[in-house]
Amino acid sequence: MLRGMKRLNRYENRILKIVKLGGKLVRFRQYGFSTKTAEGFRFPIYVLEIGKEKAIKRNVAGLVAGVHGLETIGIRVLLDFLDDLFARKTSDLYKEIRDGELGIVCIPILNPGGVAMKRRSNPGGVDLMRNSGVEAVKAPFFFGGHKISNLFPYYRGNVLQSESKVLDRFYAEYLLPAENKMIPVIDIHSGFGAVDHVWWPYAGTHEQCADETLFQNIANYLTTKFNHILYRFGPQSETYTTHGDLWDRLYNEYQKIKPDTDINGSRFLPLTLEIGTWSDIQLDPWKIFRKRGIFNPTRELKQESIISHRKFLTDVLRLAKIKPMDLV
Ligand SMILES: [Zn+2]
């Protein structure tokens, strides 16, 4: 049996529990499959539609995690968030969902094979966030994505992987046709640095994306109005550049179909939340030598860290209800 299978089962049980708690407000879909393992096994990938169908067309926000199999903290942050939303049923966000004012579409685990196999890549050894085919202007050697071999991490792969195609379909079905003015999507990762980063496109170039000003206004809004001062906002390329970022590709696709010159149009706003897990290394210097250490905080700090992102996710998802002009 695969070493991470128990863990994957645990997360999938939590997803089912959320579906149950959500009642009529949550629809569970089996949306696609992972690439095959060496034994020929494919893992199902699920989507949750949260809210009324009309809200999913008119005021939708996206939530994604588990792109990298080792970054299980992102999956747990997502599950904790949904769990809390439906367990309490008292928050403003819950009421908005119940009343058809907001919908959330969610892929809780995009790379279930990576989780089950306890590795960053998918079962084919491909790093999904290096897999989109977008060439970076200049990316760091190796870490920025390479085509040497799937025996090494950060391998880009030669073709678009099943998991990447699932994300494409998710984008095409829910995000591209969404009618709201701002379509926020948050993809939760962990592992880089000592602080929590919130990145927008691009990962592959230092060139500004078409929505740079809008993203900056969002950052100001979240910081000044909602006091999210602990998050560090900016384009991903400010931290590091990589080849093959999936959001770069989808963002560019969106620009082609819905250019930013249409001021009454919608804006597709992918954000990556990269939860910093290096701060606790000072408390436990041996952790850095343990395999999963860098990507996951110690147990005691974990629960506190997980809960601390609920409010942030709420405030980002609620952007789906407002217009760019409401930010300033
Ligand atoms: Zn990641």
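With the crude spin-label approximation of a point 7 Å out along Cα→Cβ, what separation in nm comes out for PHE152 versus LYS95?
5.5 nm
How high is the relative contact order of the chain, in percent, counting Cα pairs under 8 Å that sit 6 or more residues apart?
22 percent
Distance between the C-alpha centers of region 162-185 and region 48-94? Whole Å please.
Centre-to-centre (Cα) distance: 15 Å.
For region 5-327, what class follows from the C-alpha gyration tensor (a ≥ b ≥ c being the square roots of its eigenvalues): rounded when a/c is under 1.5, otherwise prolate if a/b is larger than b/c, else oblate?
Note, shape of region 5-327 comes out rounded.
GLN30 to GLU253: FRET efficiency via 1/(1 + (r/R0)^6), r the Cβ-Cβ distance, R0 30 Å, to the nearest 0.05?
That pair, GLN30 with GLU253, gives E of 0.75.
Under 18 Å Cα-Cα from LYS302, which lysines qualify once same-chain neighbours fewer than 8 residues away are excluded?
LYS302 reaches LYS287, LYS291, LYS311.
Exposed loop trypsin sites (Lys or Arg not before Pro) only (DSSP loop, at most 16 other Cβ atoms within 10 Å): please give the longest stretch of the chain free of them, not including the sites.
Within the chain, the longest run free of exposed trypsin sites (Lys or Arg not before Pro) spans 148-289.
Considering only Cα-Cα distances, which of the following residue pairs are longer than 32 Å: LYS17/LYS256; LYS17/LYS57; LYS89/LYS225; LYS17/LYS321; LYS256/LYS323?
Pairs exceeding the cut-off: LYS17/LYS256.
Roughly what would the spin-label model give for LYS20 and LYS138, points 7 Å off Cα along C-beta, in nm?
The answer from the label model is 5.5 nm.
Roughly what % of DSSP beta bridges within the chain run antiparallel, to the nearest 5?
The answer is about 35 percent antiparallel.
Using a basic spin-label model with each label point 7 Å from the Cα along Cα→Cβ, how many nm lie between ILE307 and ASN13?
About 2.2 nm separates the two model spin labels.
Counting only heavy atoms of the protein chains, get the accessible area per residue of the chain (1.4 Å probe) and round it to a whole Å² value.
With all protein chains present, the chain gives 44 Å² per residue.
Counting only helical runs of four or more DSSP H residues, what would the 222 nm mean residue ellipticity of the chain come to if each run contributes -39,500 (n - 2.57) and the total is spread over all its residues?
Estimated from H runs of four or more residues: -9000 deg cm²/dmol.
Using a probe of 1.4 angstrom, how much of the accessible area of the chain is carbon and sulfur, in percent?
Roughly 55 percent of what the probe reaches on the chain is carbon or sulfur.
The values are calculated or read from the model by the stated rules, or taken from the named source; none is laboratory data. Keep in mind the model is a prediction, meaning the values are calculated, not measured. Please note: Cβ atoms are built from the backbone with ideal geometry, for glycine as well, and neighbour counts cover all protein chains shown. Keep in mind that these areas ignore ligands, DNA and RNA; they rest on the heavy atoms of the full protein, side chains included. Shrake-Rupley method; radii C 1.70, N 1.55, O 1.52, S 1.80 Å.
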